[in-house]
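Let me begin by presenting the structure, written as C-alpha coordinates, before commenting on it.
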Amino acid sequence: MPRSANVNRAAFLTVAAGAGAVALYRGVAWKPAAAADYSIQHSDADWMRILGRERYWILRQGGTEQPFSSPLNAETRNGTYHCAGCDLALFASRTKYDAGEGWPSFWDVLPHAILEQADHELLEARTEVHCRRCGGHLGHLFDDGPPPTHLRYCIDGLALRFVSA
Ligand code: FE
(Lines give C-alpha, C1' and ligand atoms only; values in the text may rest on other atoms or scores of the structure.)
Protein backbone atom coordinates (compact mmCIF):
# COMPACT_ATOMS: atom_id res chain seq x y z
CA MET A 1 0.00 0.00 0.00
CA PRO A 2 1.49 3.38 -0.92
CA ARG A 3 2.62 5.43 2.03
CA SER A 4 1.02 8.80 2.47
CA ALA A 5 2.62 11.70 4.29
CA ASN A 6 -0.83 13.09 4.90
CA VAL A 7 -1.93 9.94 6.65
CA ASN A 8 1.19 9.89 8.78
CA ARG A 9 0.96 13.58 9.61
CA ALA A 10 -2.61 12.97 10.69
CA ALA A 11 -1.40 10.77 13.54
CA PHE A 12 -2.10 13.53 16.05
CA LEU A 13 -2.53 12.93 19.70
CA THR A 14 -3.49 15.34 22.41
CA VAL A 15 -1.79 14.64 25.70
CA ALA A 16 -3.28 16.15 28.82
CA ALA A 17 -0.39 16.94 31.09
CA GLY A 18 0.29 19.19 34.04
CA ALA A 19 -0.95 22.71 33.52
CA GLY A 20 -2.68 22.03 30.23
CA ALA A 21 -3.03 19.98 27.13
CA VAL A 22 -0.41 19.99 24.41
CA ALA A 23 -0.96 18.59 20.95
CA LEU A 24 1.83 16.40 19.73
CA TYR A 25 2.25 14.34 16.63
CA ARG A 26 4.42 11.55 15.45
CA GLY A 27 4.69 9.25 12.50
CA VAL A 28 2.96 5.96 12.95
CA ALA A 29 6.07 4.00 11.91
CA TRP A 30 8.52 5.28 14.53
CA LYS A 31 10.18 2.63 16.67
CA PRO A 32 12.69 3.13 19.47
CA ALA A 33 16.24 2.31 18.49
CA ALA A 34 17.49 -1.06 19.71
CA ALA A 35 18.22 -0.79 23.41
CA ALA A 36 20.94 -3.39 23.82
CA ASP A 37 23.94 -1.05 24.04
CA TYR A 38 22.52 1.77 26.12
CA SER A 39 24.15 2.03 29.52
CA ILE A 40 21.09 3.68 31.03
CA GLN A 41 17.95 1.57 30.68
CA HIS A 42 14.60 1.53 32.44
CA SER A 43 11.32 -0.27 31.96
CA ASP A 44 8.61 1.67 30.11
CA ALA A 45 6.73 2.10 33.37
CA ASP A 46 9.79 3.55 35.06
CA TRP A 47 10.51 5.89 32.15
CA MET A 48 6.94 7.18 32.37
CA ARG A 49 7.34 7.81 36.09
CA ILE A 50 10.76 9.46 35.67
CA LEU A 51 9.93 11.64 32.67
CA GLY A 52 6.26 12.44 33.00
CA ARG A 53 3.82 12.04 30.15
CA GLU A 54 5.02 14.78 27.80
CA ARG A 55 8.72 14.00 27.95
CA TYR A 56 7.94 10.26 27.77
CA TRP A 57 6.01 10.83 24.57
CA ILE A 58 8.95 12.64 22.99
CA LEU A 59 11.89 10.65 24.32
CA ARG A 60 10.49 7.13 24.48
CA GLN A 61 7.83 7.16 21.76
CA GLY A 62 9.35 9.42 19.13
CA GLY A 63 6.83 12.21 19.51
CA THR A 64 7.39 15.75 18.27
CA GLU A 65 6.35 18.77 20.29
CA GLN A 66 4.37 21.56 18.70
CA PRO A 67 6.61 24.09 16.95
CA PHE A 68 7.27 27.33 18.85
CA SER A 69 6.10 25.69 22.09
CA SER A 70 9.42 25.27 23.89
CA PRO A 71 10.75 27.95 26.25
CA LEU A 72 14.20 26.81 25.15
CA ASN A 73 13.64 28.44 21.75
CA ALA A 74 14.35 31.77 23.45
CA GLU A 75 17.18 30.55 25.67
CA THR A 76 20.37 32.47 24.85
CA ARG A 77 22.49 32.07 27.98
CA ASN A 78 25.83 30.33 27.97
CA GLY A 79 25.58 26.74 29.05
CA THR A 80 24.96 23.17 27.99
CA TYR A 81 21.88 21.32 26.85
CA HIS A 82 21.57 17.92 28.50
CA CYS A 83 19.42 14.89 27.70
CA ALA A 84 16.22 15.17 29.74
CA GLY A 85 16.24 11.39 30.07
CA CYS A 86 19.72 10.67 31.44
CA ASP A 87 21.44 14.07 31.84
CA LEU A 88 24.17 13.40 29.27
CA ALA A 89 25.55 16.69 27.89
CA LEU A 90 24.46 16.89 24.24
CA PHE A 91 24.81 20.41 22.85
CA ALA A 92 26.84 23.51 23.71
CA SER A 93 25.04 26.86 23.72
CA ARG A 94 27.62 28.36 21.35
CA THR A 95 26.28 26.08 18.59
CA LYS A 96 22.63 27.04 19.13
CA TYR A 97 20.91 29.22 16.55
CA ASP A 98 17.44 30.22 15.47
CA ALA A 99 16.50 28.21 12.39
CA GLY A 100 13.04 29.75 12.35
CA GLU A 101 11.39 26.34 12.41
CA GLY A 102 10.07 26.49 15.96
CA TRP A 103 12.40 24.05 17.68
CA PRO A 104 15.75 24.57 19.41
CA SER A 105 18.39 24.14 16.68
CA PHE A 106 22.11 23.52 16.80
CA TRP A 107 24.81 23.38 14.14
CA ASP A 108 26.96 20.88 16.02
CA VAL A 109 26.76 18.26 18.73
CA LEU A 110 29.13 17.42 21.57
CA PRO A 111 31.44 14.43 20.99
CA HIS A 112 29.99 10.96 21.61
CA ALA A 113 26.60 12.40 22.58
CA ILE A 114 24.18 11.11 19.97
CA LEU A 115 23.52 8.27 17.55
CA GLU A 116 21.75 8.56 14.22
CA GLN A 117 19.36 6.27 12.43
CA ALA A 118 17.41 6.51 9.21
CA ASP A 119 13.82 7.62 9.67
CA HIS A 120 11.31 6.82 6.94
CA GLU A 121 8.17 7.90 8.74
CA LEU A 122 7.51 10.61 6.17
CA LEU A 123 7.88 10.28 2.41
CA GLU A 124 11.08 12.30 2.67
CA ALA A 125 13.87 10.23 4.26
CA ARG A 126 15.21 11.90 7.39
CA THR A 127 17.87 11.19 9.95
CA GLU A 128 16.59 10.67 13.47
CA VAL A 129 18.95 11.44 16.34
CA HIS A 130 18.82 9.88 19.76
CA CYS A 131 20.84 9.97 22.97
CA ARG A 132 23.89 7.73 22.90
CA ARG A 133 23.47 6.79 26.58
CA CYS A 134 19.73 6.19 27.07
CA GLY A 135 18.39 5.92 23.51
CA GLY A 136 15.93 8.74 24.02
CA HIS A 137 14.52 10.26 20.81
CA LEU A 138 15.76 13.85 20.50
CA GLY A 139 14.76 15.07 17.05
CA HIS A 140 16.19 15.08 13.54
CA LEU A 141 19.33 16.07 11.66
CA PHE A 142 19.21 18.00 8.39
CA ASP A 143 21.93 19.32 6.10
CA ASP A 144 20.62 22.85 5.66
CA GLY A 145 22.28 24.43 8.69
CA PRO A 146 24.67 27.38 8.84
CA PRO A 147 28.47 27.34 8.50
CA PRO A 148 30.82 25.93 9.54
CA THR A 149 29.10 22.52 9.57
CA HIS A 150 25.99 23.23 7.48
CA LEU A 151 24.19 20.83 9.82
CA ARG A 152 20.89 21.50 11.55
CA TYR A 153 20.09 19.47 14.62
CA CYS A 154 16.36 20.14 15.08
CA ILE A 155 15.67 19.08 18.65
CA ASP A 156 12.56 18.88 20.78
CA GLY A 157 12.88 21.22 23.74
CA LEU A 158 11.15 18.63 25.93
CA ALA A 159 14.05 16.25 25.20
CA LEU A 160 16.49 18.77 26.67
CA ARG A 161 17.39 20.29 30.00
CA PHE A 162 19.40 23.53 29.93
CA VAL A 163 22.26 23.88 32.42
CA SER A 164 23.63 27.42 32.56
CA ALA A 165 27.38 27.87 32.71
FE1 FE B 1 19.91 10.27 27.40
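The values are calculated or read from the model by the stated rules, or taken from the named source; none is laboratory data. Owing to the predicted nature of the structure, the values given are computational and were not obtained by experimental measurement. Backbone-built Cβ (ideal geometry, glycine too); neighbour counts: all protein chains shown. These accessible areas exclude ligands, DNA and RNA; they are computed on the full protein's heavy atoms, side chains included. Shrake-Rupley method; radii C 1.70, N 1.55, O 1.52, S 1.80 Å.
What is the dipole size for the stretch 31-164, taken about its Cα centre, with +1 at each Lys and Arg Cβ and -1 at each Asp and Glu Cβ, in debye to the nearest 20?
Working: 13 positive and 18 negative charges, 96 e Å.
In total the dipole reaches around 460 debye.
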(Q) Is the C-alpha gyration tensor of the stretch 49-160 telling us rounded, prolate or oblate? Criteria: a/c under 1.5 is rounded; beyond that, a/b larger than b/c is prolate, otherwise oblate. (A) rounded
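Enter the accessible area per residue of the stretch 31-164 (Å², integer; probe 1.4 Å; all protein chains in place). Kindly include the intermediate steps, with their values, before the conclusion.
On the way: 6580 Å² over 134 residues.
Result: 49 Å² per residue.
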Q: Leaving ligands, DNA and RNA out of it, report the carbon-plus-sulfur percent of the accessible area of the stretch 39-165 at a 1.4 Å probe.
A: 50
